[in-house]
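Trainee: Following this message is one structure expressed as structure tokens.
Coordinate-derived values only; no laboratory data. These numbers come from a predicted model, not from an experiment. Here the Cβ positions follow ideal geometry from the backbone for every residue, glycine too, while neighbour counts run over all protein chains shown.
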Amino acid sequence: MAGSSEVFERNYQDYCAQIANVDLPAVANGLGIVPDGDRMFISFFDDKYFVSNRGIADASGSRPDYVTFVILAKYILLCPERSHQDAEWVAFKDFKRATHFTNVNYFASDVERAIEKHFTGKLAELGGVCRRLGGFPVKMNSFDLGMQFNALPRISLLLLFNDADEEFPAKSTVLFQKHAEYYLDPESLAMLGACLAKKLKQSMTDYMAAKTVLSG
């Protein structure tokens, strides 16, 4: 564990050093973000972060958790020179640089199957926690639930979910707009999906805890 912490700290400092050399106003313009003085404000699902040449902090001024920090750092550092717009929904495995035996398998297990496992038989609850995370319904034929999340400026995710019935188990699918591959590398996109799954699970846990307190 100590070794991991040391690696995380080195990576954190390395990313901060790279961000210190970034032309943030140009990045903000490329990502469609309005600068706030010498920093810019980024919405990440239901949370807010500030990026400056000194690093990345949440609304309270604290350092984000490591996964969130890496996603935001890559998002800044990989900002393309021109904007891209292709709103077609595609599966993670369809991204050209995604590798089948690493990123694709991770995405299937830690994102889609994780959502299936936690929300089987809880369709109404899933819809509620999606809305609490800023998701909004999208009508999709053949699915019990469709929810879109604006995870980052220019990067949206679509969660499709069919609950289990007498014939089939629950099925979860998470899609990206095709242009997402120009804004984040496959590893970061997979981590983004895992963040969604984790946030949904945590929101459900918080909801059930609050419900227990109220009923008690």
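Trainee: Give me the dipole magnitude in Debye, nearest 20, for the stretch 78-213 about the Cα centre, with unit charges on the beta carbon: positive for Lys and Arg, negative for Asp and Glu.
Mentor: Roughly 400 debye, rounded to the nearest 20.
Trainee: Among bridges DSSP assigns within the stretch 2-77, what percent are antiparallel (round to 5)? Walk me through the numbers before you get to the answer.
Mentor: Working: 12 of 12 bridges.
Around 100 percent antiparallel, to the nearest 5.
Trainee: If R₀ is 35 angstrom, what is the calculated FRET efficiency for the pair residue 77 and residue 136, using the beta carbon separation as r and rounding to 0.05?
Mentor: 0.75
Trainee: Still on this structure: Spin-label point model (7 Å from Cα, Cβ direction): what's the residue 144 to residue 213 distance in nm?
Mentor: Taking the two extended label points, one gets 2.9 nm.
Trainee: Would you mind ranking 147, 140 so that the residue whose beta carbon has the fewest other beta carbons within 10 Å leads the list?
Mentor: By the 10 Å Cβ count, ascending: 140, 147.
Trainee: Report the residue, chosen from 33, 115, 71, that carries the largest GNM mean-square fluctuation when the chain is represented by alpha-carbon nodes joined by springs under 10 Å.
Mentor: It is 33.
Trainee: Now, a different point. Using a 10 Å cut-off around each Cβ, can you sort 9, 125, 81 from fewest to most neighbouring Cβ atoms?
Mentor: Values: 9 11, 125 17, 81 6.
With the fewest neighbours first, 9, 125, 81 line up as 81, 9, 125.
Trainee: Return the lysines within reach of residue 211: Cα separation strictly under 24 angstrom, same-chain partners fewer than 8 residues apart disregarded; answer none if there are no such residues.
Mentor: Within the straight-line cut-off, residue 211 pairs with 117, 122, 198, 199, 201.
Trainee: So if we plug the beta-carbon distance of residue 105 and residue 22 into 1/(1 + (r/R0)^6) with R0 = 30 Å, what FRET efficiency do we get, rounded to 0.05?
Mentor: Using R0 = 30 Å, I get an efficiency of 0.40.
Trainee: May I pose another question? Would you please put 50-58, 62-70 in order of how densely packed they are, using the mean number of other Cβ atoms within 10 angstrom per residue and starting with the highest?
Mentor: 50-58, 62-70
Trainee: Here's another thing I want to ask about it. Taking R0 as 25 Å, what's the FRET efficiency between residue 43 and residue 91 from their Cβ-Cβ distance, rounded to 0.05? Please list the in-between numbers first.
Mentor: Values: r = 25 Å, r/R0 = 0.98.
For R0 = 25 Å, the calculated efficiency reads 0.50.
Trainee: Expressed as an acute angle from 0 to 90° and rounded to the nearest 10, what is the orientation of the C-alpha long axis of helix 186-215 relative to the principal long axis of the chain?
Mentor: 60 degrees
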